[in-house]
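Some notes on the structure that comes next.
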There are 2 protein chains.
Amino acid sequence: MAEPTTKKLHLTAFMRPVSLHTGAWRYPGAYADANFNLAHLRSFIQELEAAKFDAFFMADHLAVLNMPVEALKRSQTLTSFEPFTLLSALSVVTEKIGLAATASTTYDEPYHIARRFASLDHLSNGRAGWNIVTTGNPESSKNFGREEHLEHGERYKRAREFYDVVTGLWDSYADDAFIRDQETGIFTNPDKIHVLNHKGDELSVRGPLNIARPVQGWPVIIQAGQSDPGRQLAAETAEAVFCSPRNLEASKELYADIKGRAEAVGRNRNHLKILPAAFIVVGDTVEEAKQKRLKLDSLVHYDSAIASLSVTLGSDASGFDPDAPLPDDIPDTNASKTGRASVIKLAQEEGLTVRQLAQRLGGFAGLAFVGTPSTIADEMAVWLAEDAADGFTVVFPFLPQGLDDVTRKLVPELQRRGLFREDYEGTTLREHLGLPRPKNRFFD
Amino acid sequence: MAEPTTKKLHLTAFMRPVSLHTGAWRYPGAYADANFNLAHLRSFIQELEAAKFDAFFMADHLAVLNMPVEALKRSQTLTSFEPFTLLSALSVVTEKIGLAATASTTYDEPYHIARRFASLDHLSNGRAGWNIVTTGNPESSKNFGREEHLEHGERYKRAREFYDVVTGLWDSYADDAFIRDQETGIFTNPDKIHVLNHKGDELSVRGPLNIARPVQGWPVIIQAGQSDPGRQLAAETAEAVFCSPRNLEASKELYADIKGRAEAVGRNRNHLKILPAAFIVVGDTVEEAKQKRLKLDSLVHYDSAIASLSVTLGSDASGFDPDAPLPDDIPDTNASKTGRASVIKLAQEEGLTVRQLAQRLGGFAGLAFVGTPSTIADEMAVWLAEDAADGFTVVFPFLPQGLDDVTRKLVPELQRRGLFREDYEGTTLREHLGLPRPKNRFFD
């Protein structure tokens, strides 16, 4: 099943927020303002580019997320840069690394989205990527004049049509539409302009766009949905998929399913890259890496953490002895049996106390690689070989040290093994990811 | 009436498009792609900053404007960068100059607009300005799913409420809301967050915003409307007004009217700057400047130009001898008598042929200062002294030479006379314009 040994990993950096771990900003030596300090972000992206990462990726939200006040006051995410403005600024201080931004199909307009990504793609000379989201967070609707959040199926229906309109607007001009002949005075060849005139169920957009076709033809299309309509939309349209599989087996299922669906609609399975989010903690020994993670988890607020544990167990954990192991006699309840069992298993395997277990859940509970450069490279090689991933979306534990550990220790190990590029071979994000430049549907 | 002699001019540069003159891109030695080339735009803004301009200003449109195909194919405006992305990129290569962007209240959402300007203001360390427009061009509606363009009064009603919401969102956090205490784990003081909960006739927006209060409190508020509701909106909300008066007298009327309206609603008249758009052509002699302008006008496409002249005269001019003066016997019609008379007067005063007159109208027909640094400085001093302007929005005739002429010849002359700053005294756009930082309406 494994592809030829020339297969290499793709690595993108999850950078909004700069860490998904809620204790990250408190880690000893970490920048407390890493998420909202341009000088820091500039040094991070330049370091990621020096390490030959495929892209710098910004997730996004259109609201302050609904959380209990105790969690809210401890969160580093309330203040963040808006993706288009930050990526445009960072485009000037980098040359090769891709610049991917999340933008919503539910609370924005296709003309704006098409135009802004085209502009970013021109400014960066072909490095833009659009992470299409339908904005699941119901808090957002209230910031956009709607009391009712759009229903899931309705959001996906609009997203599919929105994609058609945006890509159609990107194709408004042939690549050779602009002549700029000072002698004759002809700036544009009018035969090379296409007026879209889209009229669909959800959207009505005339066009043409007021900016030339993007350098990449279209910016790279990214998606993160894992629901059934999310997978189908990804299969039909995405060129990279950010996902959060629990483990190797779950990722293999997702990988096979999405690539199979893509082939079913006539696409090349290699033109869609599966990039699971992976939290990476590097140590000089496995034990040191584990200790770093325990230290980081210990910075999560206990009251918030114990609430998460109670929900997962389906049983009030606030009365448990925080410094003892999980009791054996937790009553069986209606909570998800899978979630409950996996938490109990985790506590046993790692010998975690109630406090440590709660703080693990409250910190970052997803897929994690915690070890030495060598053990992490071993794990990544398995994921690559067994068709569970084409690479990873790296989630950093704290900054700058956790990022330094990846770029200075893990990446050289991956390069030594031939699992990651030594240098960029192209200049655009499409070239980094091995994706073709889309043909213009109106001109050829 | 004149204010103290310490009064100085403010100068902003009209940079989207980089020239409003339709022949600009064809001028001998001009960059044909000046409007869509990042390297050129970077050198322009750095030159404007070295000349101590207050701001770099981008007008905007949300559609390709409706024009005859002959004009369309000769226009340099079809492809332009989107303002937020370009200004964010340029913020990194400049330190002081203001960055003003046009954004529409009709076709965008206040949460997006508030957030993007806040982000640009943080990235640029307090240099953002928002030119509020209601988007008069009816072509735009068709790119945003609406067959009917919003009626003028309705657009202004929404604009006023939109401004309240955006400024309210900017005030979501007290300036000292973010503590980032790594020891205690408290990142944000929850008592310093305000939830707007706006529910008005046009808009319903909850808040809070997901970014800290802008460096300037609020980015500088700019407006360009000259209609009655436009003047009133400016008087109530604007801190700088871009306008296009025909001449000194018209500008004095506008200046007195808007400042009077501002005082009537309790504002300080000095906290609202009137900055008429002025097309500037500099020569070593007045004659040389006039010849530059004639040369530039001669690059305007004659067929398009003669159509403009016919409309203004209310009479078909295509049969006139292009190389002779305007005939004496143009029939009187229903066309605007003022427009007709002013065109006939212009032809007589400057001794223009039919072709030259047509090309003047088809090139740039608004307020122009054409002369030596000394004669232009004389004129500007009169406008300043007679309360017709607080400065100018400079429209360049062609680039780079027309811009070089302003920064290297006119600006030093203005500085020599004490009419323009020798250096920036502050770091923010508000400081350049002499505007106070707004108090937060929810925290003090």
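The values are calculated or read from the model by the stated rules, or taken from the named source; none is laboratory data. A quick note: this is a predicted structure, and the numbers were derived from the prediction, not measured. Positions of Cβ are generated from backbone atoms using ideal geometry, with glycine treated the same way; all protein chains shown enter the neighbour counts. Note: accessible area is taken over every heavy atom of the protein model, side chains too, but ligands, DNA and RNA are not part of it. Shrake-Rupley method; radii C 1.70, N 1.55, O 1.52, S 1.80 Å.
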Report summary line: Surpassing 24 Å at the alpha-carbon level, of the pairs A:252/A:337; A:7/A:439; A:7/A:295, are A:7/A:439; A:7/A:295
Query raised in the report: For the charge dipole of chain B, defined by +1 on Lys and Arg C-beta atoms and -1 on Asp and Glu C-beta atoms about the Cα centroid, which residue among B:396, B:46, B:225 has the Cα displaced farthest towards the positive pole?
Result: B:46
Query raised in the report: Dividing the Cα radius of gyration by the Kirkwood radius, what Rg/Rh value follows for region B:374-444?
Result: 1.09
Report summary line: The local net charge around residue B:66, scoring Lys/Arg +1 and Asp/Glu -1 for residues other than residue B:66 whose Cβ lies under 12 Å from its Cβ, equals +1
Query raised in the report: Given the rule -39500 (n - 2.57) for each run of at least 4 DSSP H residues, summed and divided by the residues of chain A, what is its mean residue ellipticity at 222 nm, to the nearest 500 deg cm²/dmol?
Result: -11000 deg cm²/dmol
Query raised in the report: How much length is gained on full extension from residue A:40 to residue A:184, taking 0.36 nm per residue of separation minus their Cα-Cα distance?
Result: 46.9 nm
Requested in this report: Using a 10 Å cut-off on Cβ atoms, rank the peptides A:209-218, B:281-290 from the highest mean neighbour count down.
Outcome: A:209-218, B:281-290
Query raised in the report: Per-residue HN-Hα couplings for region B:303-315, Karplus 6.51 cos²θ - 1.76 cosθ + 1.60 at θ = phi - 60°, whole Hz, x for Gly and Pro?
Result: 4, 5, 5, 5, 5, 4, 5, 4, 4, 5, 6, x, 7
Requested in this report: Using every pair of alpha-carbon atoms in region A:288-362, split the distances into 5 Å bins beginning at 0 and state the percent of pairs per bin, rounded to integers.
Outcome: 3, 18, 29, 28, 15, 6, 2, 0
Report task. Keeping all protein chains in place, calculate the accessible area per residue for chain A (probe 1.4 angstrom), answer in Å². Result -> 37
Query - Relative contact order (%) - criterion: Cα under 8 Å, at least six apart; region: chain A - result: 23
Query - Environment charge at residue B:263 (Cβ cut-off 13 Å; Lys +1, Arg +1, Asp -1, Glu -1) - result: +2
Report summary line: Quick shape summary for region A:90-239, equivalent ellipsoid via Cα gyration tensor, semi-axes whole Å in descending order, reads 30, 19, 13
Report task. Determine the sum of side-chain charges near residue A:177: Lys and Arg each +1, Asp and Glu each -1, restricted to other residues whose C-beta is under 9 angstrom from that of residue A:177. Result -> -1
Query - Copies compared at residue B:434 - label distances in nm, ascending, label defined 7 Å from Cα in the Cβ direction - result: 6.4
Query raised in the report: Lys/Arg Cβ at +1, Asp/Glu Cβ at -1, dipole of region B:83-233 taken about the Cα centre: which of B:167, B:149, B:189 is farthest positive-ward?
Result: B:149
Query raised in the report: What gaps in nm, shortest first, separate residue A:189 from its twins in the other copies when you place the label 7 Å past Cα toward the beta carbon?
Result: 6.3
Requested in this report: Kindly compute the accessible surface that chains B and A hide from a 1.4 Å probe when together, both sides summed, and give it to the nearest 100 Å².
Outcome: 6400
Query raised in the report: Among B:289, B:327, B:339, which residue has its Cα positioned farthest towards the positive end of the charge dipole of region B:288-362, with +1 placed on the Cβ of Lys and Arg, -1 on the Cβ of Asp and Glu, and the dipole taken about the Cα centre?
Result: B:289
**Report entry** Those residues of region A:83-112 for which accessible area with every protein chain present is at least 40 Å² below the isolated value (1.4 Å probe)
**Finding:** A:85, A:89, A:92, A:109, A:111, A:112
Query raised in the report: For chain A, what proportion of DSSP beta bridges, expressed in % and rounded to the nearest 5, is antiparallel?
Result: 15
Query raised in the report: When the Debye formula is applied to the Cα atoms of the protein assembly as shown, each taken as the same point scatterer, what base-10 log of I(q)/I(0) results at q = 0.06, 0.07 Å⁻¹?
Result: -0.45, -0.60
Report summary line: Relative contact order of region B:288-362 (C-alpha contacts under 8 Å, at least 6 apart) in percent is 45
Requested in this report: For residue B:179, enumerate residues with amide H under 5 Å from its amide H, sequence gap 5+ or separate chain, H modeled in the peptide plane.
Outcome: B:188, B:189
**Report entry** Extent along principal axes [Cα atoms of region B:206-299; Å; largest to smallest]
**Finding:** 57, 33, 21
Query - Ellipsoid semi-axes in whole angstrom, largest first, where each is sqrt(5λ) of the Cα gyration tensor of region A:22-153 - result: 26, 23, 10
Query raised in the report: Between copies, how far does the label point of residue B:337 sit from its twins, in nm, shortest first, when each point is 7 Å from Cα along Cα→Cβ?
Result: 9.3
Query raised in the report: Antiparallel DSSP bridges in the protein assembly as shown: what percent, to the nearest 5?
Result: 15
Report task. With a cut-off of at most 13 other beta carbons within 10 Å, and DSSP calling the residue loop, which GluC sites (Glu not before Pro) in region B:390-442 qualify? Please list them. Result -> B:422, B:425
Query - Partner chain coverage, peptide B:175-184 - average Cβ within 10 angstrom - result: 3
Query raised in the report: Quick one: what Rg and Dmax do you get for chain A from the alpha carbons, in Å?
Result: 22.8, 87
